[in-house]
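Since the structure comes first, as structure tokens, the remarks are kept for the end.
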Amino acid sequence: MIKLVRTNSDNIDFINLVKKLDAYLKIIDGEDHAFYNQYNNIDVLKNVVVAYDKNIPVGCGAFKEYDECKVEIKRMFTLPKSRGQKVASQILNELEIWASTLGYKAGILETGKRQTVAVNFYTRQDYDIIPNFGPYKNVSNSICFEKKLQ
């Protein structure tokens, strides 16, 4: 049974999961890693969800305000041993509910085209591809998504 905890970026389990995420992305993104990494500072994240399986942190995600109507989903990660168990779906759903209760109308996000598992995941979660936004506008490896929140 997965337990979801709403927290913030000071949470040590979140910090440790993000370190694992960054190590993974450094391999996947290669020479593009430094560019993407500059937009992934966790100190600005006040809305974080950490997933626990038997009190062990196995996944995380966060959002930050993009504008008055939208949040940007950030730092989604599930430990490899916990993948395929719907952990990421539960985290993302919890983030969407949280953002919606705060009055936001949509969630947006960016991922790399090389991250095919992530691209397929967001498509399955009813996110639609949108034109690249913000710092990703002219980045050929980026793919951006949006989903209307309830």
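Miscellaneous remarks
- Applying a threshold of 6 Å to beta carbon distances and a minimum spacing of six or more residues, or different chains, the list of pairs starting in segment 8-22 at a residue that is closer than 11 Å to V50 by Cβ and ending at one that is in a helix (DSSP H, G or I) and of a type in the set (A, V, I, L, M) reads S9/I42; V18/I42.
- Scanning segment 67-80 for residues that are surrounded by fewer than 17 Cβ atoms within 10 Å (Cβ to Cβ) and touching a strand residue (DSSP E or B) at 6+ places or on another chain (Cβ under 8 Å) yields a count of 1.
- Selected residue (criterion: nearest to K148 (Cα to Cα)) from residues of segment 62-77 that are under 10 Å from the mean Cα position of the chain (by Cα) and not charged (D, E, K, R): I73
- Search result, residues across segment 33-66 that are aromatic (F, W, Y), modelled with pLDDT of 95 or more and under 26 Å from K105 (Cα atoms): F63, Y66
- Within segment 102-140, if we keep just the residues that are of a type in the set (A, V, I, L, M, F, W, C), surrounded by fewer than 14 Cβ atoms within 10 Å (Cβ to Cβ) and at pLDDT 95 or above, the residue that is farthest from Y24 (Cα to Cα) turns out to be L102.
- Residue match in segment 93-104 (condition: of a type in the set (A, V, I, L, M), in a helix (DSSP H, G or I) and under 14 Å from the mean Cα position of the chain (by Cα)): yes
The values are calculated or read from the model by the stated rules, or taken from the named source; none is laboratory data. Values in this document were obtained by computation on a predicted structure and should not be read as measured data. No Cβ is skipped: glycine too gets one built from the backbone with ideal geometry, and neighbour counts run over all protein chains shown.
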